[in-house]
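Below is one structure, written out as structure tokens; the observations come after it.
The values are calculated or read from the model by the stated rules, or taken from the named source; none is laboratory data. If you're wondering where the values come from, they're calculated on a predicted model, not measured in any experiment. FYI the Cβ positions are ideal-geometry reconstructions off the backbone, even for glycines, and counts take in every protein chain you see. Ligands, DNA and RNA are stripped out before the accessible areas are found, and what is left, the full protein with its side chains, is counted by its heavy atoms. Shrake-Rupley method; radii C 1.70, N 1.55, O 1.52, S 1.80 Å.
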Amino acid sequence: MKDKNFGHSVHIENIATLARIHLTEQERQDIEKSLDEILEYFDKLRTVNVEGIEPSAHAFPLYDILRDDEVGTPFDTKTALQNAPRQRNNQVIVPKVVE
Amino acid sequence: MDSEIFYKSASELDSLLDSGKLTSVELTKAVIERTRSIDAKLHAFISFDEEKTLNEAIQSDMRRKTGEKLSNLDGIPVGIKDLISERGQPLTCGSKILGGYVSPYDATVIERMRNAGCVLWGRLNMDEFAMGSSNENSYHGKVANPWDISRVPGGSSGGSAAAVASGETILALGSDTGGSIRQPAAFCGIVGLKPTYGAVSRYGLVAFASSLDQIGPMGRSVEDVATLFHVISGHDDKDSSSYPVDKTNHSMESVKNKRIKTIGIPSEYFGEGLDPEIRQTIEDAINFYKNAGHRVKEVSLTMTEYTMAVYYIIATAEASSNLARFDGVRYGYRSERAKDAVDLYYRTRGEGFGSEVKRRIMLGTYVLSNENFESYYLRAQKVRTLIRNDFMEVFKNVDLLITPVTPSPAFKIGEKSADPLQMYLSDIYTISINLAGLCALSLPCGLSSDRLPIGFQIIGKPFHEHEVLSLGYEFEQAHDFKNMHPAI
């Protein structure tokens, strides 16, 4: 299917690729429609004067507070692997990556 | 024994447990029995482990008997929103993608509740990855509002709110990124606190938007919420955004101590779109404070109009990054249909995430993409600075703010689910508090003509939880809303 190009140039296929999400045709249509509407709503921010304003990554300036570098008790292998979808010989199994 | 033991407050229960008239096992069984009898209608729980929970109650009874009570919450059941890690228990985030996942460690809040002797009761339902305002987005089913089961309980901590309101638990933990504790608390007629960013450790909380997320307590009285907040708050080495705050200033004595305050009423929060019954009910609450001797003045928060857009840019951007970890490799669901390693990511995420989560990941990915970064994400971060400055300016002249929590009482299931933007707008009064890093309390102040709860919001300066709790406590003492229960 050809990508639809909106006023906000949303290439839905590109975004899905960046996000590594497989979408069904129905989901693609739903998301296209709502993103268009939501991005239009976001346009109101264009009217705000942000000249010389610093961006906030957090609500207030917070600097990393480092703890002492002490050796703790890490998970043992069994615990670390207990949630792996597939495992063998203390390793996670994934599809072949290198030919 | 009173047949409605599950509706008593934690403070009353603490006295009963102290006196020996009640055991934690009896209390825990009452809560389990209540859940068994009504949860088919509410669907507030995703899972619970009766044996484990009762064992914790037995331990608590032994401590009380030997005079080794750990805290006023020793033996009190607390439900956990299903995105907070409790060692050995499942954690789903309301998503298919975490199917089968069992937490290998305790969140800091869980560790602190264990140290206080709390009975860690079941895993509470929620919108998938905390994305939603109605609890209709859970893979494990919609939650119903106990006041009217054709209506939503709010979200994303909808399971927590419904369970507390209906006596399926005494207290609960929720999390709040844009209103997810306060809005469901208002819809279900209970009390919920969104602590200041940094007041409660996020270690062990599954991240949605890391610069906005906070864990907070939900209960049926301000005192109960304050008591649980005291247990879970405080600096934690495991969370670099946790703040070294002094816990003594939000002790119960401090909360119960009335002080005359200057309360600001932001006019922008009482404009178009606010339900007239809610407006009237909150004006009555404001008059109560005036008559009690507090100073009340109108203030203006000029950036209010932009908060929704800023929030949905920042929250989705952070979410798209945080949720990249769910890829089917190390834990949770994995698609069986993948052709190769990269296809494994596409299929697992395509099959594992629900539609609202996909929409937000897509939106977040879009606003972070190279060509849009400056016009959306960076701009939103700058406007966030202006929103915070707006509040800080107002807080030079007032101590606290009072606003609505929601524009309307609980809406019908299905009413807004087809229109994401309308759904997002139901958070209009709560999101700015997360963006500005403030604390806020949602507490009941009346019932609508349809007998649906109405709540109001008290907003405080960063790390001034004791002030919002104190003002809420004063209102609660003069009214009887904490004994108002749904007819379920």
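Close Cβ contacts (under 8 Å, 6 or more residues apart or on different chains) running from residues in the range B:43-62 that are free of Cβ contacts under 8 Å to residues at least 24 places away in the same chain to residues that are assigned to a helix (DSSP H, G or I) and open to solvent by less than 30 Å² (accessible area, probe 1.4 Å) comprise B:50/B:32.
Going through B:402, B:413 one at a time, which residue ends up being touching a residue at least 24 places away in the same chain (Cβ under 8 Å), farther than 30 Å from residue B:469 by Cα and more than 13 Å from chain A (Cβ to nearest Cβ)? Walk me through it before giving the result.
Details: B:402 fails: farther than 30 Å from residue B:469 by Cα.
Residue meeting the stated conditions: B:413.
Each residue in the range B:351-398 was checked for being more than 7 Å from chain A (Cβ to nearest Cβ) and hydroxyl-bearing (Ser, Thr, Tyr), and 2 pass.
Of all residues in the range B:123-175, those satisfying the criterion of being in a strand (DSSP E or B) and under 19 Å from residue B:99 (Cβ atoms) are B:123, B:124. Can you work out which of the residues in the range B:208-240 that are open to solvent by 10 Å² or more (accessible area, probe 1.4 Å) and within 14 Å of another protein chain (Cβ to nearest Cβ) is nearest to residue B:482 (Cα to Cα)? Per the stated criteria, the residue is B:235. Please go through the range B:289-313 and pick out each residue that is of a type in the set (A, V, I, L, M) and either within 11 Å of another protein chain (Cβ to nearest Cβ) or part of a helix (DSSP H, G or I) (or both). Across the range B:289-313, the qualifying residues are B:303, B:308, B:309, B:310, B:313.
Residue-wise test of (1) in contact with a Phe, Trp or Tyr (Cβ under 9 Å, 6 or more places away or on another chain); (2) modelled with pLDDT of 95 or more.
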residue	(1), (2)
B:412	no, yes
B:417	no, no
B:422	no, no
B:428	yes, no
B:442	yes, yes
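Scanning the range B:69-122 for residues that are open to solvent by 10 Å² or more (accessible area, probe 1.4 Å) and of a type in the set (Val, Ile, Thr) turns up B:92, B:102. Residue check: residue B:245 meets all listed conditions (1) in a helix (DSSP H, G or I); (2) hydrophobic (A, V, I, L, M, F, W, C); (3) open to solvent by 10 Å² or more (accessible area, probe 1.4 Å) but one, namely (1).
Checking each residue in the range A:1-32 for being part of a helix (DSSP H, G or I), more than 9 Å from chain B (Cβ to nearest Cβ) and either at pLDDT 95 or above or surrounded by 13 or more Cβ atoms within 10 Å (Cβ to Cβ) (or both) picks out A:13, A:28, A:29, A:32. Taking the listed residues B:331, B:312, the one that is within 18 Å of residue B:356 (Cβ to Cβ) and crowded, with 19+ Cβ neighbours inside 10 Å is B:312, with no other qualifying. Reported count of residues in the range B:56-82, each being of a type in the set (A, V, I, L, M) and outside any helix (DSSP H, G or I), is 5. Restricting the range B:314-335 to residues that are touching a Ser or Thr at 6+ places or on another chain (Cβ under 6 Å) and of a type in the set (Ser, Thr, Tyr) leaves a set whose member that is nearest to the other protein chains (Cβ to nearest Cβ) is B:320.
Residue count for the range B:170-205 under the criterion of being within 13 Å of chain A (Cβ to nearest Cβ) and open to solvent by 10 Å² or more (accessible area, probe 1.4 Å): the result is 2.
Filtered by the rule that a residue be crowded, with 19+ Cβ neighbours inside 10 Å and more than 7 Å from every other protein chain (Cβ to nearest Cβ), the range B:336-350 gives a lone residue, B:348. Among the helices (runs of 4 or more DSSP H) confined to the range B:354-462, the ones with at least 2 residues that are of a type in the set (Asp, Glu) are located at B:379-394.
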